[in-house]
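Single-structure report; data block below.
The values are calculated or read from the model by the stated rules, or taken from the named source; none is laboratory data. Fair warning: this is a prediction, and the values are worked out from it, not measured in the lab. So basically every Cβ, Gly included, is an ideal-geometry build from the backbone, and we count neighbours across all protein chains shown.
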Amino acid sequence: MLRLISCNALFRSTANLALLRNPTCRIATRRNISFKFPNIRQAIAEANRIDEKFEEAGKSPVETKVQQIIAAVDGVPELLYQLNFFFCECRRIGILQDNAGQRQHSIRYWPVFMFRLIPLNSAFWDTCYFMNKAQHTHKLHPFKINDVGLLDPKNFPLEFIEELATGRYKGLDFRNTSIMTFAKPKFAETKEGGKIEKTVDIKY
């Protein structure tokens, strides 16, 4: 037992002497453990910057937002279909592109608004979000008949709405686009030259 203790003591003494003679060996035996705490101030500043960015985007003029929507739906059949469907339901209750300030509530205003326009509006913005074309949704204002929201037809160029009504936009035919819905919009037939002739149902 005494011999074992002596051996251990001798080993420790030899190791300590080696460390004293070779400092680099002593440093190598240490553990370099460091804890990096997150920079709270930097994280808060970044969060504030993002919030300010979206706040400024929300304050941008309606015309700018509409141009962004038109650019977002370009070439996307699902978005073109949904936006035209929304405009089609607006026409059913007298919400047109050129009659803002003169709109009146009809008997079917509330049923169409609650069970058609609001779901269509939500579906449109949800699709935009999942396609990374919008960061947040825009709600409708059912009690403001002359300004129902960002997708109000009065905010869009008449030529754009009329072109969507044909089921074709910039040569892209989106009439047969499949979406989950219990109804379908009506599309307009056109004569040569692009003039709208009449509105018809598209048969699937």
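Quick look at the numbers
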quantity: Of the criteria (1) in contact with a strand residue (DSSP E or B) (Cβ under 8 Å, 6 or more places away or on another chain); (2) modelled with pLDDT of 95 or more; (3) aromatic (Phe, Trp, Tyr), which one Tyr169 fails; calculated: (1)
quantity: Of all residues in segment 130-147 being at pLDDT 95 or above and in contact with a Phe, Trp or Tyr (Cβ under 8 Å, 6 or more places away or on another chain), the one that is surrounded by the fewest Cβ atoms within 10 Å (Cβ to Cβ); calculated: Pro142
quantity: Test for Leu83: is it closer than 25 Å to Arg175 by Cα, in contact with a helix residue (DSSP H, G or I) (Cβ under 9 Å, 6 or more places away or on another chain), in contact (Cβ under 8 Å) with a residue 24 or more places away in the chain and surrounded by 13 or more Cβ atoms within 10 Å (Cβ to Cβ); calculated: yes
